[in-house]
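The values are calculated or read from the model by the stated rules, or taken from the named source; none is laboratory data. None of these values were measured; they are calculated from a predicted model. Reconstructed Cβ throughout: ideal geometry from the backbone, glycine too, with neighbour counts over all protein chains shown.
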Amino acid sequence: MAAGRRSQGRRRDPCPARLGPGALSDRAWGVGAQGEGCAPRLARVAPELGEIGPPGGDYRRPGQTGRWGVIPVYEPFLGVRVRQYVLDCVESGWVSSLGQYVPRFEAEFSRFCGVPYGIATSNGTTALHLALAVLGIKPGDEVIVPALTFVATANAVAYTGASVVLADVDPATWTLDPESVRQLITPRTRAIIPVHLYGHPCDMDPIVALARQHGLRVVEDAAEAHGARYRGRPVGSLGDLGCFSFYGNKIITTGEGGMVVTANREWAERAAFLRDHAMVKAPHYYHPEIGFNYRMTNIQAAIGCAQMEEIATVLERKRAIAAAYCAGLCPIPGLTLAPQADWAESVFWMYSVLVEPSFGKEREAVCEGLRAAGIDTRPFFVPLHELPPYRRADPLPIASRLGATGINLPSGPALTSEQVEFICRSLAALRGPA
Ligand SMILES: Cc1ncc(COP(=O)(O)O)c(C=O)c1O
């Protein structure tokens, strides 16, 4: 059962030992074992995952019940230097967008992405809008985005006045389907926005090839995928411009924040110019065109610099958590687990499962059951073609199916092995009659 359930398309199991020191060996997670077999394997993970984040990994809150209170879907791990750097901003008075931390964070994060330029922004949505503005996307243009994504991807296109064109997603990776993109290209198409959904890279080579063939630009929406790799290359460096979010639940956070990264100097300079009200250096207050205030503050960037010191640890824990989930959930029939294509290194921003009909219970009932056990979850994004602003008549069947059956499980880096085990057992217990 398990092997068949996991062998769709180009997917690869996220469990193998390459996932890092906290991951399990092939023998330890052994695909195909049933029921009880999963617990000892998870027990072996326990000492490796250890605990970071909230002291004692104790999520109890006043008035909450359950063993840990409610285990949240995500809680950031801020790290040790954050107080020091933020205090430095406060004590030095550099609290707005001038100050040493903004250029430092831009340099460190763009280097992490393998490109020379980073332009920090107020959030991930403004990063996307800024990238599209740099490319000159305007009313009358069409931009192709996947139907399964957070609404910000499409909203950023709408802000430019261009038309949002929705493509379906690949059932194996849950990300933009290149074949669907190919069918939607018209003479008005100007750009494609692949989204590295829930931390799994999109299959970029065919998308970039299509873009080159038709003279289109590629803006990666990597809001959820800091550190993910596609054929060994970091996301954000694969298209023309890459966009990230540093919202509180992301792999690293600045509270609110975002960044555009690119290898193109001209675009980087234009992004910095437009981000700051299209202000020229001289004369004072001369604005040759309409720009935006999409600046990141020095305080946000200070948090970002502290977070960059933790990003390797966070990514290692995310992979170990995914391996632990994989080990615990593999034996449960009726669940399709988070994808991991052969060519991908997912960062498992969210560890997600699909509740298949053979699970014997609807997705909503599963979420309610988990909630009653003190486990918070989120359903998948409502596909964009099912939202009033982007509604369209033609079906996008894969996005609809994933949107109706997907659940994001607790995925924060402070999760302990014991909690992952508890979540897996709770899920197993919720299975209905086959
Ligand atoms: C795929 C995707 N794109 C864009 C964004 C927008 O980022 P922000 O919330 O920082 O504006 C998000 C944020 O959650 C996202 O998940």
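List of remarks:
- Beta carbons closer than 7 Å, at least 6 apart along the sequence or on distinct chains, pair a first residue in the stretch 381-394 that is over 14 Å from V165 (Cβ atoms) with a second that is surrounded by 10 or more Cβ atoms within 10 Å (Cβ to Cβ) and β-branched (V, I, T) for F381/T149; L387/V151.
- When V169, V219 are checked against the criterion of being among the β-branched types (V, I, T), farther than 20 Å from L387 by Cα and within 16 Å of the ligand (Cβ to nearest atom), a single residue qualifies: V219.
- For the stretch 222-234, the candidate set comprises residues that are more than 7 Å from the ligand (Cβ to nearest atom) and under 11 Å from the mean Cα position of the chain (by Cα); within that set, the residue that is surrounded by the most Cβ atoms within 10 Å (Cβ to Cβ) is A225.
- Counting only strands (runs of 3 or more DSSP E) wholly contained in the stretch 195-273, no element carries 3 or more residues that are out of contact with any strand residue (DSSP E or B) (no Cβ under 6 Å at 6 or more places or on another chain) and more than 20 Å from M296 (Cα to Cα).
- Within the stretch 392-422, if we keep just the residues that are touching a strand residue (DSSP E or B) at 6+ places or on another chain (Cβ under 6 Å) and within 19 Å of V314 (Cβ to Cβ), the residue that is surrounded by the fewest Cβ atoms within 10 Å (Cβ to Cβ) turns out to be N408.
- Scanning the stretch 359-391 for residues being assigned to a loop (DSSP other than H, G, I, E, B), among the β-branched types (V, I, T) and surrounded by 21 or more Cβ atoms within 10 Å (Cβ to Cβ) gives a total of 1.
- Residue satisfying condition, being aliphatic (A, V, I, L, M), in contact (Cβ under 8 Å) with a residue 40 or more places away in the chain and part of a loop (DSSP other than H, G, I, E, B), within set A191, A172: A172
- The stretch 237-277, subset more than 18 Å from L98 (Cα to Cα) and of a type in the set (S, T, N, Q), residue nearest to the ligand (Cβ to nearest atom): S245
- Residue list for the stretch 107-124, filter: outside any strand (DSSP E or B) and either outside the structural domain of V235 (by TED's automatic domain parsing) or more than 12 Å from R295 (Cα to Cα) (or both): A107, E108, F109, S110, R111, F112, C113, G114, V115, P116
- The set of residues in the stretch 111-149 that are out of contact with any strand residue (DSSP E or B) (no Cβ under 6 Å at 6 or more places or on another chain) and of a type in the set (G, A, S) comprises S122, A133, G136, G140.
- Beta carbons closer than 8 Å, at least 6 apart along the sequence or on distinct chains, pair a first residue in the stretch 256-274 that is under 14 Å from G239 (Cβ atoms) and in contact (Cβ under 8 Å) with a residue 40 or more places away in the chain with a second that is within 12 Å of the ligand (Cβ to nearest atom) and among the β-branched types (V, I, T) for V260/T121.
- Beta carbons closer than 9 Å, at least 6 apart along the sequence or on distinct chains, pair a first residue in the stretch 112-127 that is touching a residue at least 12 places away in the same chain (Cβ under 8 Å) with a second that is part of a helix (DSSP H, G or I) and of a type in the set (S, T, N, Q) for P116/S110; Y117/S110; G118/S110; I119/S110; A120/Q300; S122/Q300; T125/T153; T125/N155.
- Inter-residue pairs, beta-carbon under 7 Å, first of a type outside the set (G, A, S) and in the stretch 395-406, second in a helix (DSSP H, G or I), 6+ apart: L396/H385; T405/R363
- Residues (more than 16 Å from the ligand (Cβ to nearest atom), in contact (Cβ under 8 Å) with a residue 24 or more places away in the chain and part of a loop (DSSP other than H, G, I, E, B)) located in the stretch 138-160: K138, G140, D141
- Considering the stretch 108-126, and only residues there that are within 11 Å of the ligand (Cβ to nearest atom) and touching an Asp or Glu at 6+ places or on another chain (Cβ under 9 Å), the residue that is nearest to E386 (Cα to Cα) turns out to be G124.
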